[in-house]
Amino acid sequence: MDTTTLLLTVALSLLPISELRGAIPFAVLRGVDLVPAALIGTAVNAMVPAIAYIFLSTIHRLFYRIGAYRRFFDRFVEKARGKVHASVEKYGYWGLLAFVALPLPVTGAWTGTLGAWVLGMERRKSMFAIMGGVVVAGVVVTILVAALGAGAKSIFFKSF
């Protein structure tokens, strides 16, 4: 795997818009074997809860003083709360895991972490639930990429 592919795979795994559902097929399309692509995409995406909680407890507090940031963040938080609330309300941490495990747009580790934070869930337990959901999503995406090969890009990437 060349350095550019590795860095782009890591970046896609960290970006809220793509996460591992974009990183794994991207790496495979760039010639990386499926297992290393899945391991890298999943491992990097599993770091998102820690990164998000660090951001929310530090930089976010500074940015929140800026009106434009506050308005954007508050709108984003309401969307996250609405998406996560039903599954967490009914099933608790298992619901959070299941929410993150669905490899669909806006159901990943970033939204799960933000939702857990907004709902006041205990940080450590929610991080483990989110990481568990990331692992399940990684397995699902890997199976789909293995079954569909390069055609998996049509599931995870929007055509322009």
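The values are calculated or read from the model by the stated rules, or taken from the named source; none is laboratory data. On a predicted model such as this, the values are computed, not experimentally measured, just so you know. Positions of Cβ are generated from backbone atoms using ideal geometry, with glycine treated the same way; all protein chains shown enter the neighbour counts.
If you check THR42 against the conditions, is it touching a Lys or Arg at 6+ places or on another chain (Cβ under 6 Å), assigned to a helix (DSSP H, G or I) and modelled with pLDDT of 95 or more? So THR42 fails the test.
If I filter segment 14-33 down to residues being among the β-branched types (Val, Ile, Thr) and assigned to a loop (DSSP other than H, G, I, E, B), which single residue comes out as nearest to ASP2 (Cα to Cα)?
VAL32
Checked across segment 53-66, the condition of being out of contact with any strand residue (DSSP E or B) (no Cβ under 7 Å at 6 or more places or on another chain), farther than 21 Å from GLY132 by Cα, among the polar types (S, T, N, Q) and outside any helix (DSSP H, G or I) holds for at least one residue.
Could you please let me know if GLY95 is touching a Phe, Trp or Tyr at 6+ places or on another chain (Cβ under 6 Å) and part of a helix (DSSP H, G or I)? So that I can check it myself, show each step before the final result.
Numbers: touching a Phe, Trp or Tyr at 6+ places or on another chain (Cβ under 6 Å): no; part of a helix (DSSP H, G or I): yes.
So GLY95 fails the test.
Within segment 98-140, being hydrophobic (A, V, I, L, M, F, W, C), closer than 18 Å to ILE51 by Cα, touching a Lys or Arg at 6+ places or on another chain (Cβ under 9 Å) and in a helix (DSSP H, G or I) holds for LEU114, ALA116, TRP117, VAL118. If the condition is being under 17 Å from TRP110 (Cβ atoms) and exposed (fewer than 14 other Cβ atoms within 10 Å of the Cβ), then segment 64-75 contributes TYR69, PHE72, ASP74, ARG75. Taking (1) more than 12 Å from the chain's Cα centre (by Cα); (2) over 27 Å from ARG124 (Cβ atoms) in turn, GLY22 satisfies each apart from (1).
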